Structure formats: structure tokens, C-alpha cells
Amino acid sequence: MKRRSNTGWIVRVILLSVTLSVVFTLVSESVLSRAGTVTAFILLLAFIVIGVLTDMLGVAVTSAVERPFHSMASHNTVGAPQALRLLRNAERVASVCNDVVGDIAGIVSGATAAVICAHLVRDRSFSALITQLVVTGAVAGLTIGGKAAGKASAINNSTEIVLAAGKVIAFFERIFHKK
């Protein structure tokens, strides 16, 4: 049996990674360049949430089974066909969610945390070391704790999470008239 080459997939993942990294960084830089500390913290939390949610989806697609989605699709449940597509491509979906989006969100949240530290030290005269310790500790705790809780939830609620993702995809397919 001849194995299919993954070269095309690897190239697409690299291009997706570069593109998402540039987009996340541009959003971060454009917001942070004119934002106050509170807005910067909100952006930081948004990146952490994106990382946690995509990690949850990546785990959910690898732990869910197709059977309930076949039943839902036969009953015309919105999002079921899209959920089946996610499950049939679980390896790639998990790679994109966990490795590409999750890692980029982590990198950009680290850069955002560094900008927040600089703002706090400059504007509020906080100690640089203590500010860095508190902010990076909080970011690490929220990210790791959120992903740990998300993994448990993803395993226990994989069907619901994958169906919810399928519904989101179905919504966008309706908007853009994609079959």
C-alpha cells in the first residue's frame, strides 16, 4: 500500500501559520499602539480565550465519534454535516486548532503581555521585575488552567462542542452561499 505524501498539507499549514501570525500581530499592534492598559488587557484575554477555545475544539474532534452525527444529519440538524466533515478530518483540524491557532495565540499573548508590562512600568511607575512576574504568571496560569479545564470539558462534551463548531461553519456557509 502506497502512503500519500503530506508535503502539500505541510506547505498549507506553514502558509496558514504565517498568515495567521501576521493577522494576529497586525490586530494586536494596531490596537495596542493606541490603546490604554484596560484595552490591552482585554485584547490579551481575547488571545488567551482564542487559544483555549481552539484547543478545546482540537481535543473534541479527536475524542468525538461519528455515529451521533449521522443520526443528526439524517434528521437535518443544522451543523451536523459540517461536524461530520470536521470529524473526518480530525487530524488536520486538531493540528490547525491546537498547533497553529493555539500556538500563535500563545505567542501573540506573550508579546501583548510584554507591551502591557512596558505600559505599566512607564505609566504607573511599577517595578519592572514585579510587573513582569505578575503579568506573565497570570497569563501562564490563565492559559494553562484554561486549557486544562477545556480539555476535560472537550473530552466529556465532545459531541456538543463539535456540533457547535459545525453550526458556526454552517452559519458562515449560509452567509457566503457555500454548498
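The values are calculated or read from the model by the stated rules, or taken from the named source; none is laboratory data. The structure presented is a predicted model; accordingly, all values stated were derived computationally and were not measured. Cβ: placed from backbone, ideal geometry, glycine included. Neighbour counts: every protein chain shown.
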Taking segment 93-121 and the residues there that are of a type in the set (A, V, I, L, M, F, W, C) and surrounded by fewer than 18 Cβ atoms within 10 Å (Cβ to Cβ), the one that is farthest from residue 162 (Cα to Cα) would be 121
Just wondering, is there one or more residues in segment 59-69 that are exposed (fewer than 15 other Cβ atoms within 10 Å of the Cβ), within 23 Å of the chain's Cα centre (by Cα) and of a type in the set (A, V, I, L, M, F, W, C)? yes
Being among the small types (Gly, Ala, Ser) and in contact with a Pro (Cβ under 9 Å, 6 or more places away or on another chain) is true for just one of 140, 73. Which residue is that? 73
Taking segment 21-45 as the region of interest, how many residues are surrounded by 15 or more Cβ atoms within 10 Å (Cβ to Cβ) and without any contact (Cβ under 8 Å) to a residue 12 or more places away in the chain? 1
Would segment 25-38 turn up any residue that is under 23 Å from the mean Cα position of the chain (by Cα), small (Gly, Ala, Ser) and at pLDDT 85 or above? no
Please go through segment 51-96 and pick out each residue that is farther than 23 Å from residue 19 by Cα, touching a residue at least 24 places away in the same chain (Cβ under 8 Å) and polar (S, T, N, Q). 62, 63, 77, 82
Output the number of the condition that residue 18 fails; it satisfies all remaining conditions of (1) over 15 Å from residue 166 (Cα atoms); (2) surrounded by fewer than 16 Cβ atoms within 10 Å (Cβ to Cβ); (3) at pLDDT 95 or above. (3)
Regarding residue 48, is this residue touching a residue at least 60 places away in the same chain (Cβ under 8 Å), among the β-branched types (Val, Ile, Thr) and assigned to a helix (DSSP H, G or I)? yes
Could you list all residues from segment 122-146 that are exposed (fewer than 14 other Cβ atoms within 10 Å of the Cβ) and within 16 Å of residue 41 (Cβ to Cβ)? 122, 123, 124, 137, 141
Starting from segment 143-161, keep only residues that are within 16 Å of residue 65 (Cα to Cα), then list their pairs with residues that are not in a helix (DSSP H, G or I) whose Cβ atoms are within a distance under 6 Å, requiring at least 6 positions of separation or different chains. 158/64; 159/64
Name every residue in segment 8-42 that is among the charged types (D, E, K, R) and part of a helix (DSSP H, G or I), in order of residue number. 12, 29
